[in-house]
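**Q** This is the structure I want to talk about, given as structure tokens.
The values are calculated or read from the model by the stated rules, or taken from the named source; none is laboratory data. Quick caveat, the model's predicted, so the values are computed rather than measured. Virtual Cβ from ideal backbone geometry, glycine too; neighbours counted across all protein chains shown.
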Amino acid sequence: VVSVGLLASSSAGDMRTQATLLLLGCACQCAALRATAFHKPTSFHATRAVEVRLSVAPPEAPDVESVQELRSPEELRKGIAKFYDSSSGIWERVWGEHMHHGYYNDNEKKNHQEAQVDMINEALKWAGADDNPPKSVLDVGCGIGGSSRVIARKYGNTGAGITLSPVQAGRAQALSDAAGLGDALQFQVADALDMPFEDNSFDLIWSMESGEHMPDKRQFISELSRVCKPGGRIIVVAWCHRDLLPGETQLLPREERLLRRINRAYYLPRWCSVADYAKLASDFGLEQIRTDDWTDRVKRFWPAVILSAFRPNSLLGLFRSGFTTIRGALVMPLMIRGQRRGLVKFGLMTAVKPESRVEAAARQASAVSSAPTRPPPPPPPPP
Ligand code: SAH
């Protein structure tokens, strides 16, 4: 009974389903035991019980390639929307407008919200966006639009942001309107794997801690490349697993199990490494691909979030926001454990969409014709 209960609860999504499966599992197990105890034609009863048990609570569905995978893409989309609908309010009250890690130099003392803004600025600088400021930016997985506003103030660009959460999209627009950026920035509910934008639309594609939610990383990078303008840049900052060692084809079973527990709480599918993102970027013909590992730069963040959860108004907010938010909070120590074990990495990948020769020549020509004309050099002095 215990084993069936554990099987059931380890493969189910929410608490109600877990409880139902637990009861069903127990009932099946009792039927099987009873059949055996009373010497009934046991093979039939026992086989049926086992069949029901497997179909109700498959420990690993046969078409699932990794124990990390818990939900179908559709279940994920709904779960992510619900998770952020219910948790964004409390996060904003306790942490503000940015829903991502902070950036810390060694032993640097700083306010954690400042560290989150530093993360945006450092990632833009690292990627080289400062050298070629974008005129239009797409924020993929925009949360409540914190990154979009920091970037728009920095470069004076226009922009769009997408999220799966209707609450976040509304809040992102309201905060941008209030900040006087409402005309420049537009937010909407849309799926990053099927974006409602024309090809070649934006100079900069920004994805801060949303890639880990994407069940199809290939489709994710394909969509980012599609909507990026030729000559434009893509920046992906994401939770990654460690790179596989030579000869390894997958993570260790205990690593897979740890990620599975994180995935259940944060509505994540199977993870990939930063090298996988780089490989996908290359598959889609992107150029100037660079990656980095900032795990050491962010490791002070989770302990700070955990401490903040113990403030009285955070605790109250947590209980008000419901089960998924509480479960998310309880899993936070696992992120620290994953980082300490060298399994969980904070990865960055940037790449440029190549311009065709014609486009590059046209851009250079317009840069030359719009450059201020210099006076001719003075004639050489007479001998
Ligand atoms: N980038 C924001 C929010 C990070 S939280 C910030 O740094 O503040 C992750 C975000 O990814 C959420 O807004 C969530 O809705 C979004 N997201 C996850 N999967 C998505 C998908 N398939 N399409 C669009 N947005 C997605």
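**Q** Out of all the residues in segment 91-125, which are more than 12 Å from the ligand (Cβ to nearest atom), surrounded by fewer than 18 Cβ atoms within 10 Å (Cβ to Cβ) and assigned to a loop (DSSP other than H, G, I, E, B)?
**A** N105, D106, N107, E108, K109, K110, N111
**Q** Anything in segment 234-249 that is under 17 Å from the mean Cα position of the chain (by Cα) and not basic (K, R)? List them, or say none. It would help to see each step written out before you state the result.
**A** Quick first cut of segment 234-249, residues under 17 Å from the mean Cα position of the chain (by Cα) only: 234-242.
Within segment 234-249, I234, I235, V236, V237, A238, W239, C240, H241 qualify.
**Q** Just to check your reading of the model, which residue among G170, G159 is outside any helix (DSSP H, G or I) and small (G, A, S)? Give the derivation first.
**A** Numbers: G170 fails: outside any helix (DSSP H, G or I).
Only one candidate qualifies: G159.
**Q** Any residue that is at pLDDT 80 or above and outside any loop (DSSP other than H, G, I, E, B) - is there at least one of those in segment 356-376?
**A** Filtering segment 356-376 down to residues at pLDDT 80 or above leaves none.
No, segment 356-376 has no match at all.
**Q** Suppose we keep only residues that are more than 10 Å from the ligand (Cβ to nearest atom) and β-branched (V, I, T) within segment 191-247. Which one would you say is surrounded by the fewest Cβ atoms within 10 Å (Cβ to Cβ)?
**A** Top of the filtered list is V227.
**Q** Determine whether segment 174-189 contains at least one residue that is in a helix (DSSP H, G or I), more than 10 Å from the ligand (Cβ to nearest atom), touching a residue at least 60 places away in the same chain (Cβ under 8 Å) and under 19 Å from the mean Cα position of the chain (by Cα).
**A** Initial filter on segment 174-189 (in a helix (DSSP H, G or I)): 174-178.
Remaining after also requiring more than 10 Å from the ligand (Cβ to nearest atom): 174-178.
Those left that are additionally touching a residue at least 60 places away in the same chain (Cβ under 8 Å): 175.
Now drop any that are not under 19 Å from the mean Cα position of the chain (by Cα), which leaves none.
No.
**Q** Can you give me the number of residues within segment 163-182 that are more than 16 Å from K78 (Cβ to Cβ) and either among the basic types (K, R) or surrounded by 20 or more Cβ atoms within 10 Å (Cβ to Cβ) (or both)? Don't jump to the end; show me each part of the working.
**A** Filtering segment 163-182 down to residues more than 16 Å from K78 (Cβ to Cβ) leaves 170-182.
The next check asks that each one be either among the basic types (K, R) or surrounded by 20 or more Cβ atoms within 10 Å (Cβ to Cβ) (or both); those that pass are 171-172, 175-176.
Qualifying residue count, segment 163-182: 4.
Residue by residue, here is whether (1) closer than 26 Å to E92 by Cα; (2) among the charged types (D, E, K, R); (3) in contact with a Cys (Cβ under 8 Å, 6 or more places away or on another chain) holds:
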| site | (1), (2), (3) |
| --- | --- |
| T163 | yes, no, yes |
| P166 | yes, no, no |
| A172 | yes, no, yes |
| L175 | yes, no, no |
| E209 | yes, yes, no |
| I235 | yes, no, no |
| R257 | no, yes, no |
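**Q** Of the residues that sit in segment 135-162 and are more than 7 Å from the ligand (Cβ to nearest atom), touching a residue at least 60 places away in the same chain (Cβ under 8 Å) and surrounded by 24 or more Cβ atoms within 10 Å (Cβ to Cβ), which one is nearest to the chain's Cα centre (by Cα)?
**A** Among those residues, the one meeting the criterion is L138.
Condition check ((1) in contact (Cβ under 8 Å) with a residue 40 or more places away in the chain; (2) more than 16 Å from the chain's Cα centre (by Cα)) across all residues:
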| residue | (1), (2) |
| --- | --- |
| L224 | yes, no |
| L251 | yes, yes |
| N263 | yes, no |
| Y267 | yes, no |
| R290 | yes, yes |
| W294 | yes, no |
| I306 | no, yes |
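**Q** Still on this structure: Which is modelled with pLDDT of 95 or more, acidic (D, E), surrounded by fewer than 21 Cβ atoms within 10 Å (Cβ to Cβ) and under 18 Å from the mean Cα position of the chain (by Cα), of D276, D283? Give the derivation first.
**A** Details: D283 fails: under 18 Å from the mean Cα position of the chain (by Cα).
Just one listed residue meets the conditions, D276.
**Q** Give me a count of the residues in segment 332-356 that are buried (at least 16 other Cβ atoms within 10 Å of the Cβ) and farther than 24 Å from L252 by Cα.
**A** Summing the residues that are buried (at least 16 other Cβ atoms within 10 Å of the Cβ) and farther than 24 Å from L252 by Cα in segment 332-356 gives 6.
**Q** Here is a further query. Could you tell me which residue of segment 190-216 is nearest to the chain's Cα centre (by Cα), considering only residues that are in a strand (DSSP E or B) and among the hydrophobic types (A, V, I, L, M, F, W, C)?
**A** Applying the first criterion (in a strand (DSSP E or B)) to segment 190-216 yields 191, 194, 202-208.
Now drop any that are not among the hydrophobic types (A, V, I, L, M, F, W, C), which leaves 202, 204-206, 208.
Working: F202: 20, L204: 18, I205: 14, W206: 12, M208: 7 Å.
It comes out as M208.
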